[in-house]
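Okay, structure first, notes after.
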Protein chains: 2
Amino acid sequence: MTDQIRFVLPESDMPTHWYNIVPDFPTPPPPPLHPGTHQPVGPDDLAPLFPPELIAQEVTSERFVEIPEPVRDVYRQYRPSPLVRARRWEQRLGTSARIYYKYEGVSPAGSHKTNTSVPQVYYNAIHGITRLTTETGAGQWGTALAYACSLFGLECEVWQVGASFDTKPQRRTLIEVFGGKVHRSPSRLTEFGRSLPEDHTGSLGIAISEAVEVAAQDETIKYALGSVLNHVLLHQTIIGEEALKQLALAGEDGADLVIGCAGGGSNFAGLTFPFLREKLAGHQSPRILAVEPASCPTLTRGEYRYDFGDTGGMTPLMKMYTLGHDFVPSPIHAGGLRYHAMAPLVSHAVHEGLIEATALHQSECFDSAIEFARTEGIVPAPESSHALAQARRAALEAAENGTEPVIVVGLSGHGLLELGAYDSYLNGRLEDDPLSDEDLQAALANVPVI
Amino acid sequence: MTDQIRFVLPESDMPTHWYNIVPDFPTPPPPPLHPGTHQPVGPDDLAPLFPPELIAQEVTSERFVEIPEPVRDVYRQYRPSPLVRARRWEQRLGTSARIYYKYEGVSPAGSHKTNTSVPQVYYNAIHGITRLTTETGAGQWGTALAYACSLFGLECEVWQVGASFDTKPQRRTLIEVFGGKVHRSPSRLTEFGRSLPEDHTGSLGIAISEAVEVAAQDETIKYALGSVLNHVLLHQTIIGEEALKQLALAGEDGADLVIGCAGGGSNFAGLTFPFLREKLAGHQSPRILAVEPASCPTLTRGEYRYDFGDTGGMTPLMKMYTLGHDFVPSPIHAGGLRYHAMAPLVSHAVHEGLIEATALHQSECFDSAIEFARTEGIVPAPESSHALAQARRAALEAAENGTEPVIVVGLSGHGLLELGAYDSYLNGRLEDDPLSDEDLQAALANVPVI
């Protein structure tokens, strides 16, 4: 075993293809349905919002999709991202496990989101689109899209959830540094926004409605989404493809446990689907584990049913684990994990028993994150801290049992713009707020019956 | 010429020695003097504040000092730091120059400061020191020291300049995440602090006095400094040593222009002294250029004289370019460049004509920084933006003249905790405030006559 710490692939070894898991599933995932007709959605239904290549990727049955050269050319400004052996954290934990973290915080947006914002903007750019609209909650996605737009010369317009806009001015400034324009949502710029009071604190659902409304008005404007859909998950698989190569560089035969946090599912799928392919092919046999917050336990307490992707009920119906499309989770700090449902492909994998899921309280996650920062020198995003907390549990279990598992954990981003959350934790102002049975049943009651 | 972008040395190629420029200077630099006797300072004078290894490094005549294994073991958690070809920025500038930036923002503290905090803490740790005190202004140094202390099990106590403490809560939180304790300076914990009103906005000079007072009280407590002194500059030379190797990897024979921002001088010296060695040996012939803010123009408008390192006049007298030890620069956002003087070794190199200096206004620097962010995807620290602005000038000049210089620019850190400054710039609230002749003469009047 090498004593190397960081496994940095050379640029020339960066993967040239994204991986599409659909054809490798033992059973095909259920199709999305039109919200009116309940018939499977066709490419034409998506054409007003997305360029043809993204629609094709949404339904492709190819196992590998080539990454266009101009996209690879941006990727290599920060990729391959490092896979790091967490030696100091292992020592602090006294574990016999070998822990590797795949770190996406090196990207311009500080998270994995750039992996999909860059191809999304590229495909729009080659069709002459001049402006993209989107929503952002925690702000990572808006940042990633603004950066990608600045590279390809598109305007970027971001509707930021009002409460987030008011309390996180740094995130707005970062989007502006990258040339994006930020509106507090609900804004006065859309019909839907104007239908709400100006001082409304907003929601992701409202912000989506505003961004979609503007995109639908003009052929040169389109809309971009940062998670959930198949093409977004596809773009993120470069994470896992790199990790497989890097693990081999580290001298490991494979992983025993692969852990990622899961909100909409794109970061999780990006890291784990390539490992799942290897598992389905019998090349290695890792447990694959999604970690979600106890206050938004989509996979562990939701139902696997057709539901809307947005609160307003305008999107296609997708078969997925859901807490109900009008579920509003408690305001935990991991804003990226506060989505009411889970990407259809991740949901399918869980339903088929290929992937497991668990839910954790945020205080345990922050505790792990601080221990990680004090040993590995990286302040994790609150989202990523969920994966770290689960890795710690597994590492302590290994210490007790004297086993030596190889644990791969996804560190989806840094938390340097979320230090307010750390301040709350360090000063005892953080509360755990698990979902009650009553609230769960009330939210599920509104899932449409298909 | 390779089309590679990032030149990432393998861990095994990380330099094993720091470089000491003193024996290579054509003439020896003048010694520091005791503030009372005006005689050269001896090791005994420094013993109450620093451990023996650091005192030895302060006066060593060895050209190379071995980096202890436990320090290298921490370095490789984030080093070798990347040298990156700024291809997109070059395109945006339309320049024929080849621009490479050496990026220190990948460190746990987000700046080059960790390069010296780690060895400083290590040398204290092996002598049984249990606590270190320090001051911090902008906050990078306090962060770096807190991180290093967390690794070696020392307590870290940081006196943060009151105005900075009040307006930058994120920086304080980051220090706390790394386990450090932050006091607003002036504090009630020291005699000197109590002599001032509690709501005083503070200064670096006051914070230094408080940190030194606490360290002097107890044999198990020592003090740590983040710039100016020879041993600090020594530790930073790993930056330039790596850059030399990486430039060779990139297929370049050498640099034509090496640019760094200069506040206390440690980042600048760390990048440029190894290049200066190669220049003095006749192996390459780069111009070496220090960039400082027009509001604190130490090298360009200060005088080369013996002066104190602190405002209170408690440190040894050092021969350096100075604006006067009680000079208070205007509150520009690059807090790390607001020091009244310049490291004696950098000052000596400038005085001997080995290095040049120039001064820029901060608005030009922020303009360059935003252009850089929109192409290279990194938000630079306001300090680093001074080096970028000067690199842009050189790149545009090259475009005009049709020359193809190789420009190496030091990017000492990221600006993710300084987004408030970017917000000011983007929204027209930023003012340039060059130093007036009257203020300069008034400050210089208080430099002691030796």
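Readers should treat all values here as calculations from the given coordinates under stated rules, not as data from a laboratory. Source: prediction; values computed, not measured. Every residue, glycine among them, receives a Cβ derived from its backbone with ideal geometry; neighbour counts consider all protein chains shown.
Which residues in the range B:112-142 have a backbone N closer than 20 Å to a point placed 7 Å from the Cα of B:Glu69 along the Cα-to-Cβ line?
In the range B:112-142, the label zone of B:Glu69 (backbone N under 20 Å from the point 7 Å along Cα→Cβ) covers B:118-128.
On full extension of the chain, what length is gained from B:Asp199 through B:Asp218, given 0.36 nm per residue of separation minus the C-alpha to C-alpha distance?
Gain on extension, B:Asp199 to B:Asp218, equals 4.0 nm.
For A:Met318, B:Met342, which order do you get if you count the other beta carbons within 10 Å of each Cβ and list the fewest first?
Ordered by Cβ neighbours within 10 Å, fewest first: A:Met318, B:Met342.
Kindly state, to the nearest 0.05, the FRET efficiency for B:Asn427 paired with A:Ala445, given R0 = 30 Å and r defined as their beta-carbon distance.
Calculated value: 0.05.
Among B:Thr190, B:Thr133, B:Thr358, which one shows the highest mean-square fluctuation when chain B is modelled as a Gaussian network with alpha-carbon springs under 10 Å?
Taking springs between Cα atoms under 10 Å, the residue moving most is B:Thr190.
For chain B, with the dipole built from +1 on Lys and Arg beta-carbon atoms and -1 on Asp and Glu ones, taken about the Cα centre, which of B:Ala262, B:Ala109, B:Thr37 lies farthest toward the positive end?
Going by the charge dipole, the pick is B:Ala109.
Please give the helix A:204-216 orientation as an angle from the longest Cα principal axis of chain A, in degrees from 0 to 90, rounded to the nearest 10.
50 degrees
Please check: in the Gaussian network model of chain B (C-alpha springs, under 10 Å), which one of B:His386, B:His231, B:His17 has the largest mean-square fluctuation.
B:His17
When each copy gets a label point 7 Å from Cα toward the beta-carbon at A:Arg63, what are the spacings between them in nm, shortest first?
5.7
Given label points at 7 Å from Cα along Cα→Cβ, what nm distances, shortest first, separate B:Lys181 from the same residue in every other copy?
Distances to the matching label points in the other copies: 5.2 nm.
At 10 °C and 1.306 mPa s, grab the translational diffusion coefficient of the protein assembly as shown from Stokes-Einstein with a Kirkwood Rh over Cα pairs, rounded to a whole number in µm² per second.
Value of D from the Cα-based Kirkwood radius: 56 µm²/s.
Hey, in chain B, which Cys have no second cysteine's beta-carbon closer than 4.7 Å?
Unpaired cysteines in chain B: B:Cys261, B:Cys296, B:Cys365.
Restricting to DSSP loop positions (anything but H, G, I, E, B) with no more than 15 other Cβ atoms inside 10 Å of their own Cβ, which GluC sites (Glu not before Pro) remain in the range A:47-136?
In loop regions of the range A:47-136 (DSSP not H, G, I, E or B), the sparsely surrounded GluC sites (Glu not before Pro) are A:Glu62.
What is the Cα centroid distance between the range A:133-149 and the range A:98-127, reported in whole angstrom?
11 Å
Does the range A:365-417 come out rounded, prolate or oblate, given a ≥ b ≥ c as the square roots of the eigenvalues of its C-alpha gyration tensor, rounded meaning a/c under 1.5 and, failing that, prolate meaning a/b above b/c?
Taking the square roots of the gyration eigenvalues as a ≥ b ≥ c, the range A:365-417 is prolate.
Using a basic spin-label model with each label point 7 Å from the Cα along Cα→Cβ, how many nm lie between A:Glu62 and B:Gln91?
Using points 7 Å along Cα→Cβ, the separation is 2.3 nm.
Express in nm, to one decimal, how much length is gained between B:Gln39 and B:Ala248 on full extension, taking 0.36 nm for each residue of separation and deducting their alpha carbon distance.
70.8 nm
Using a Cα-Cα cut-off of under 26 Å, which lysines could be cross-linked to A:Lys102, ignoring same-chain neighbours fewer than 8 residues away?
A:Lys113, A:Lys245, A:Lys279, B:Lys102, B:Lys113
At a 10 Å Cβ-Cβ cut-off, how would you order B:Trp18, A:Trp159, fewest neighbours first?
Fewest-to-most ranking of B:Trp18, A:Trp159: B:Trp18, A:Trp159.
Which of the GluC sites (Glu not before Pro) found in the range B:389-450 are in a DSSP loop and have at most 13 neighbouring Cβ atoms, other than their own, within 10 Å?
Passing sites in the range B:389-450 are B:Glu431.
If you put +1 on each Lys and Arg Cβ and -1 on each Asp and Glu Cβ, how big is the dipole of chain A around its Cα centre, in Debye rounded to 20?
Value, rounded to 20: 800 debye.
Longest segment of chain A with no trypsin sites (Lys or Arg not before Pro) in a DSSP loop having at most 10 other Cβ atoms within 10 Å?
A:189-428
Choose one answer from A:Asp432, A:Asp423, A:Asp307: the residue with the largest mean-square fluctuation in a GNM of chain A with alpha-carbon springs under 10 Å.
Most flexible of the set in this elastic network: A:Asp423.
Which FRET efficiency value, to the nearest 0.05, is calculated for B:Leu189 and A:Thr27 with the Förster distance at 56 angstrom and r the Cβ-Cβ distance?
The pair B:Leu189/A:Thr27 has a calculated efficiency of 0.25.
Modelled label-to-label distance, B:His17 and A:Glu303, 7 Å Cα→beta-carbon offset: nm?
Distance between label points: 7.3 nm.
Would you report the distance distribution of C-alpha pairs in the range B:68-163 as whole percents per 5 angstrom bin, up to the bin with the largest distance?
The calculated distribution, bin by bin, is 3, 13, 20, 18, 14, 10, 8, 7, 5, 2, 1, 0.
Using the crude model of +1 on Lys and Arg Cβ and -1 on Asp and Glu Cβ, and no other charge, please compute the dipole size for the range A:114-225 relative to its Cα centre, in debye to 20.
Using Cβ point charges on Lys, Arg, Asp and Glu, the range A:114-225 gives about 280 debye.
Tell me the Kirkwood hydrodynamic radius of chain B in angstroms, computed as one over the mean inverse distance between distinct C-alpha pairs.
Roughly 21.8 Å, rounded to one decimal.
For the range A:114-225, rounded, prolate or oblate, judged on the Cα gyration tensor with a ≥ b ≥ c (square roots of eigenvalues), a/c < 1.5 rounded, else prolate if a/b > b/c?
In terms of gyration-tensor shape, oblate.
Can you list the copy-to-copy distances for B:His283, using a point 7 angstrom from Cα toward Cβ, in nanometres, shortest first?
From this label point to the equivalent ones elsewhere in the assembly: 4.3 nm.
Run through the range B:288-377 and list the GluC sites (Glu not before Pro) located in a DSSP loop whose Cβ has at most 14 other Cβ atoms within 10 Å.
Qualifying residues, ordered by number: B:Glu352.
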